[in-house]
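Scroll down for the structure; my scribbles are underneath it.
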Protein chains: 2
Amino acid sequence: MVYVGIDLGGTNIVAGVVDKDGKILGKAETPTMAERPYAEVLKDMGDVVVKAVENAGFTMDDVASVGVGAPGVADPETGDIVFANNLRWYNVPVCSTLKAQLNKPVYINNDANVAGLAEAMFGACKGAKSSITITLGTGLGGGIILNGKIWSGTHGVGAELGHIVIEKDGLQCNCGNHGCWERYSSATALIRWGRMAAVEFPSCLINAMVDGDINNITAKTVIDAAKAKDFVAIDVFNKFISYLADGIVTLINSIDPEVIAIGGGVSKAGEFLLEPLRKLVAEKVMFKDLPYARIELAEMGNDAGIVGAAMLGVIA
Amino acid sequence: MVYVGIDLGGTNIVAGVVDKDGKILGKAETPTMAERPYAEVLKDMGDVVVKAVENAGFTMDDVASVGVGAPGVADPETGDIVFANNLRWYNVPVCSTLKAQLNKPVYINNDANVAGLAEAMFGACKGAKSSITITLGTGLGGGIILNGKIWSGTHGVGAELGHIVIEKDGLQCNCGNHGCWERYSSATALIRWGRMAAVEFPSCLINAMVDGDINNITAKTVIDAAKAKDFVAIDVFNKFISYLADGIVTLINSIDPEVIAIGGGVSKAGEFLLEPLRKLVAEKVMFKDLPYARIELAEMGNDAGIVGAAMLGVIA
């Protein structure tokens, strides 16, 4: 039997056929066109499942279950997307609709949560009973796995790790609060600080690398300039790491997982990020002489969402 | 059958005999004298259990199990106190020693965790599968209950909610880090701010209430002055509530429990604390239109430690 995972994004719907070892055997995709009535999007989600199964060389009889990674708050009990900002969806009955179309068990969870599940089952957190995966991209996404199960809270509004408060009365966040972690520990933050530094210190390497066009500064620009030992870029990167460390310390001192995996664009910095991060966390954590979470790079990359969604049927 | 709970503190050892409904049937206590060799303290812990059982009118044959609430990091698996700062204990074999003396099953967990368990089973969080109890005293203690079990993390170093970072590079904390929540949301913080306000605004009611002797300012002084509508005291109390709210928002956006119970000395302010706190949390939480944790006053008071410790044997 195989398992199908759907990564439902604001731009594309991607479905993948996954075996029980987390290997992707075939894929299909279609544009989301989220402005349409949701029933049309759901219909396309079903169709893209069927197409992915064909592409993988299977029939629907081989499919044990379908899982959906949702860009927002999903209720695993009712199978609904409760709220998805990108799609402007409220209380959309995803699982029941797909089940009616496909005649398979359908499961749903938040996309960051299923990415965390994929890391826990096959990636950086493999073998750990409890782990947290944070994804440093446009925002900061979090997936919490406790005792092998996704923990998204009692009301499904948890694991929004980008919105733990790290700086009281700090920068305004889209969520309405101030000082949320993702305002300081996302690719967006690193880019913002890189641009500010390029404006303040025009002779810095960051500015030179984009020929003075600060709009072309990416997270990689800052990281590469820091690797090249540019003082300004090193300052920016150290500031980024310091905020990241304090958020990780918050997770260790509260949830204390076995492993914390770091994914997303910024994690491509690899050991250049991890080594100073681990050093700083060691200095800041509450119990310095006791064991605490390993900090590792996420391993599943862009496939985490599909693989984790597919695995919802395995752990159900 | 009855259950014995031991509240092991830096000053006193208190044992209580508890029935399965959380009712305390008898108690005994003895000074800890923590500077002694730990074997002597453990011997007294056993003796105080026997004494409490006598005082309650039972014999040891009626005792199903003994539980210990430890002031530090305890390992429920090995039964050891791994580290207790107050007692200067490292790797002390509490459960095995007591078991040898009393010939009963002995369980152990951190004192804030067992207080959370007591609230979850019989207090403010009764009926909730998942809850968090925070105790606002000298420090800020946390007990996390998930699916009816204590969650103290993979390595037992979690649930140290006083040490989530709420203000990046903020006030120095005893733990070595900066900006920990308990530096802003404990009775100690409220007293500190009250004293600072009395120095800065000598004509304020806080100062008048202690006849200018700021060392006599307590959390109650500030709260009473705020209730009496003194502007300075209201400012101090609002600042306190604002920090408390941001920490609670962090807990909701990450762990999302069903109930958050607030105990400790400051919680005696009752609705005067709770009403503005709930209002502020409602403004700051990530998903404003979705259900999230109820915020309630803890109900178990000083008995929470004994009752929760006793219940370790019930949930084991």
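Throughout, read-outs are computed from the coordinates displayed, never taken from laboratory work. Predicted model, so just to flag it, every value in this text is computed and none were measured. Virtual Cβ from ideal backbone geometry, glycine too; neighbours counted across all protein chains shown.
How far is residue A:278 from the same spot in each other copy, in nm, shortest first, if each label point sits 7 Å from Cα toward Cβ?
Counterpart label points of residue A:278 in the remaining copies fall at 4.7 nm.
Whole angstrom only: what separates the Cα centroid of the range A:235-265 from the Cα centroid of the range B:281-316?
Measuring centre to centre over Cα atoms gives 27 Å.
Given the convex hull of the Cα atoms of the range B:126-299, what is a quarter of its surface area in nm²?
10.5 nm²
Run the numbers on chain B and let me know its relative contact order in percent, using alpha-carbon pairs under 8 Å that are six or more apart.
The value is 20 percent.
Using the Cβ atoms and a cut-off under 13 Å, what net charge is assigned to the surroundings of residue A:285, where Lys and Arg are +1 and Asp and Glu are -1?
It works out to a net charge of 0.
Positive end of the dipole of the range B:126-299, charges at C-beta (+1 Lys, Arg; -1 Asp, Glu), about the Cα centre: which of B:264, B:171, B:252 has its Cα farthest in that direction?
Checked the options; the winner is B:252.
Per the Kirkwood definition applied to all pairs of different Cα atoms, how many angstroms is the hydrodynamic radius of the protein assembly as shown?
Computed over the protein assembly as shown, the radius equals 26.1 Å.
Residue B:208 label points, 7 Å along Cα→Cβ, one per copy: pairwise distances from this copy to the rest in nm, shortest first?
Those label-point separations list as 6.7 nm.
Going 7 Å from Cα along the Cα-Cβ axis for the label, what nanometre distances separate residue A:19 from the same residue across the other copies?
6.1
Considering only A:11, A:135, A:221, give the residue with the highest GNM mean-square fluctuation for chain A, with springs between Cα atoms whenever their separation is below 10 Å.
A:11
Just the projected area, averaged over all directions, of the convex hull on the alpha carbon atoms of chain B: how many nm²?
Dividing the Cα hull surface by four gives the mean projection, 16.6 nm².
Which one of B:76, B:146, B:9 has its Cα pushed farthest toward the positive end of the charge dipole of the range B:1-153, where Lys and Arg give +1 and Asp and Glu give -1 at the Cβ?
So the residue we want is B:146.
Please check: in the Gaussian network model of chain B (C-alpha springs, under 10 Å), which one of B:305, B:156, B:142 has the largest mean-square fluctuation.
Residue with maximal mean-square fluctuation among B:305, B:156, B:142: B:156.
Membrane-span-like helices in chain B: DSSP H runs reaching 27 Å or more (Cα, own axis), mean Kyte hydropathy at least 0.0?
Length and hydropathy pass: B:231-254.
If you put +1 on each Lys and Arg Cβ and -1 on each Asp and Glu Cβ, how big is the dipole of the protein assembly as shown around its Cα centre, in Debye rounded to 20?
The calculation lands at about 100 debye.
Build a GNM of chain B with springs between Cα atoms under 10 Å: which of B:51, B:268, B:227 gets the top mean-square fluctuation?
Maximum among the listed residues: B:227.
Considering only Cα-Cα distances, which of the following residue pairs are longer than 25 Å: A:20/A:104; A:51/A:99; B:20/B:99; A:43/A:268; B:149/B:239; A:268/B:284?
Where the Cα-Cα span goes over 25 Å, the pairs concerned are A:43/A:268; B:149/B:239; A:268/B:284.
Sort largest first and round to whole Å: the equivalent ellipsoid semi-axes of the range B:122-177, each the square root of five times a Cα gyration tensor eigenvalue.
With the √(5λ) rule applied to the range B:122-177, the semi-axes are 25, 13, 9 Å.
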